[in-house]
1. Given the criteria surrounded by 16 or more Cβ atoms within 10 Å (Cβ to Cβ) and touching a residue at least 40 places away in the same chain (Cβ under 8 Å), does Gln82 qualify?
2. Filter the stretch 355-387 down to the residues that are closer than 30 Å to Gly400 by Cα, in a strand (DSSP E or B) and among the charged types (D, E, K, R) and list them by number.
3. Note down all Cβ pairs under 8 Å where the first residue falls in the stretch 143-169 and is more than 17 Å from Val81 (Cα to Cα) and open to solvent by less than 30 Å² (accessible area, probe 1.4 Å), the second is among the hydrophobic types (A, V, I, L, M, F, W, C) and in a loop (DSSP other than H, G, I, E, B), and they're at least six residues apart or on different chains.
4. For the stretch 295-337, how many residues are in contact with a helix residue (DSSP H, G or I) (Cβ under 7 Å, 6 or more places away or on another chain) and without any contact (Cβ under 8 Å) to a residue 24 or more places away in the chain?
5. So which residues in the stretch 486-520 are open to solvent by less than 40 Å² (accessible area, probe 1.4 Å) and in contact with a Gly (Cβ under 9 Å, 6 or more places away or on another chain), if there are any at all?
6. Could you list, in sequence order, the residues of the stretch 265-305 that are under 18 Å from the mean Cα position of the chain (by Cα) and of a type in the set (A, V, I, L, M)?
7. Just for the stretch 238-278: of the residues that are among the basic types (Lys, Arg) and free of Cβ contacts under 8 Å to residues at least 24 places away in the same chain, which one is most open to solvent (accessible area, probe 1.4 Å)?
8. Quick check, is Ser204 in contact with a helix residue (DSSP H, G or I) (Cβ under 6 Å, 6 or more places away or on another chain) and either in a strand (DSSP E or B) or open to solvent by 40 Å² or more (accessible area, probe 1.4 Å) (or both)?
Amino acid sequence: FKNILNVNTSNYATLRNGLNFESRNTVIPDNIRATELAFKANTFFNTQLSGEHKFSKADMKLNWFGSFNILDQYIPDQRRVQYEQEDPTVATSPYVIFLPISKSSQKNGSRYYGFLNDYVYTAGGDLSKTFQVNSLAQTLKGGYFFQVKDRLFDSRPFAINEPTGSDAFKNYAQDKIFAPENFGPGKLAFNELSGNSYRYIANSIMNAAFLQLDNNFTSKLRAVWGVRVEDFDQVIGSLKKSDSRHVYTRVRDYLPALNLTYKGNNKTNVRVSGSQTVIRPEFRELSTFQFYDFDLSATVAGNTGLVRTKVSNFDLRYELYPRGGELITFGVFYKYFKNPLEAYINPASGDGTSYNLLNADEANSFGAELEFRKKLDKSATLKNFTVQGNFSYIYNRVTGLGVDESRPMQGQSPYLLNAGVQYDLEKYGITSTLLFNQIGRRIALVGGGDQPPIWERPRPLLDFQLAKKILKSKGELKLNVSDLLNREVIYYNDDNRNKKYDAANDTYALKRRNGTNVSISFGYNF
């Protein structure tokens with residue numbers, strides 16, 4: 001019987017400045033200074049009851065579980081304001097605020113209140129039977145999984161505008177502009193964006209069953225194969241069919257899988273595998289809800305027409321285990337995506353840019369991967385060190401009607417590099433790890449209309465962890481430092497099409513530093 005309660009809160013300020021290419025001035029973009037202040041609280045609760053039963057005489061095993069989860073998110077008051085330089089051609093020109101006449105714009109001044117409640121119920125189990133055929137162990141396993149997800153979402157966005165359009169308040173400072181005395185007839189207006197699109201309910205029911213066989217055909221050849229059937233029933237927006245928010249889908253998927261392993265000797269394996277998987281859009285992505293994202297400086301919109309993505313996976317891998325704790329593997333793989341989900345950013349219209357998800361027709365990925373882990377204990381100086389790493393190369397292209405076939409799928413990098421060094425002083429209960437990661441440039445957002453895609457420039461990540469066992473090894477103290485290098489994140493348009501970021505010729509969409517995060521944690525096992 002397991003229970004977890006986690007409360008995570010953040011009280012944050014985000015400051016943004018730079019050039020606004022959606023500005024009032026069509027010749028020279030405005031310099032802007034924008035601020036978002038918010039408090040966010042996430043509460044997660046999970047309770048789970050599970051059991052395992054072994055029936056030795058029948059060579060059978062039964063596993064079962066049931067759980068209940070609650071996830072509550074509360075944003076009590078998110079405040080945003082944006083100032084622009086009055087004359088961008090004059091370096092000393094003051095920054096002023098131009099509040100719109102429109103009652104719906106959230107860009108220059110707004111407040112937001114959000115409430116989200118998720119309830120998840122799960123139950124399931126599996127029964128396995130082991131038997132012998134020609135002195136070789138065989139296992140037959142069958143199982144069932146049931147899950148219900150319920151969501152209640154309600155938000156109250158408010159836009160601040162100046163109905164007169166006089167710009168009488170443009171010179172007010174950020175800590176004075178929204179004072180109570182500035183609101184009223186002939187002054188500023190505080191307008192709630194009404195409509196049912198700012199709230200929705202959602203429910204999904206998953207019924208899944210699987211049958212799996214684990215067959216040892218010979219002492220060297222083993223096959224694990226089977227099929228999973230998923231019946232997925234989902235309604236989003238409203239339970240009423242007459243409601244414009246109502247989106248209902250029910251899909252049944254048959255998901256086969258096969259994993260063949262040939263054991264050359266005690267140190268080598270050759271694996272061949274294939275499987276069918278699915279990727280489903282989230283509730284919010286299928287809803288009619290729209291909100292202004294301060295970081296993107298865009299309105300994020302759902303898409304009720306999205307469908308799930310089916311992925312066919314094929315893999316061939318050679319594995320070498322020189323000794324305990326060491327490995328070298330090399331593999332090649334292929335993936336086929338039917339209706340992959342991609343994030344699009346659409347050209348500015350009216351108040352600004354919008355962001356949404358769309359299904360492409362299909363995409364194909366071909367790749368190769370190398371992975372290793374090696375102990376350095378043959379050297380007296382390095383005997384407590386272990387090095388590890390993996391490198392993947394991926395060639396990916398999206399195909400289909402109206403798609404530029406020269407581009408990869410949104411979010412897909414051409415390479416992935418991970419490397420690490422671990423130091424383990426078991427005698428004193430001390431371990432430390434230094435990890436390096438870098439991905440190749442990838443499309444962060446596909447361009448809608450005539451707009452080019454926005455790319456993310458590669459950047460190195462370096463993380464460090466130091467852990468010490470204390471209190472007779474029942475307690476552990478950990479120091480984590482993430483993103484030691486704190487290199488700048490750059491999203492840009494590849495204007496000169498040279499496949500890399502060129503500061504002199506490319507237009508950046510967003511630059512930021514995520515900062516180096518330091519945390520200390522303590523855990524104790526009773």
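The values are calculated or read from the model by the stated rules, or taken from the named source; none is laboratory data. Worth saying up front: this structure is predicted, and the values here are computed from it rather than measured. Note that each Cβ is placed from the backbone with ideal geometry, even for glycine, and that neighbours are counted across all protein chains shown. Ligands, DNA and RNA are excluded from the accessible area calculation, which covers all protein heavy atoms including side chains. Shrake-Rupley method; radii C 1.70, N 1.55, O 1.52, S 1.80 Å.
1. Spelling it out, Gln82 is indeed surrounded by 16 or more Cβ atoms within 10 Å (Cβ to Cβ) and touching a residue at least 40 places away in the same chain (Cβ under 8 Å).
2. Once the filter is applied, which keeps residues that are closer than 30 Å to Gly400 by Cα, in a strand (DSSP E or B) and among the charged types (D, E, K, R), the stretch 355-387 yields Glu362, Glu369.
3. Taking only residues 6 or more apart or on different chains, the pairs are Phe153/Phe289; Ser155/Phe289.
4. Total satisfying the criteria: 0.
5. If the condition is that a residue be open to solvent by less than 40 Å² (accessible area, probe 1.4 Å) and in contact with a Gly (Cβ under 9 Å, 6 or more places away or on another chain), then Asn486, Asn493, Leu510 are the ones that fit.
6. Selection gives Val278, Ile279, Leu286, Leu296, Val300, Ala301.
7. So the residue we want is Lys241.
8. no
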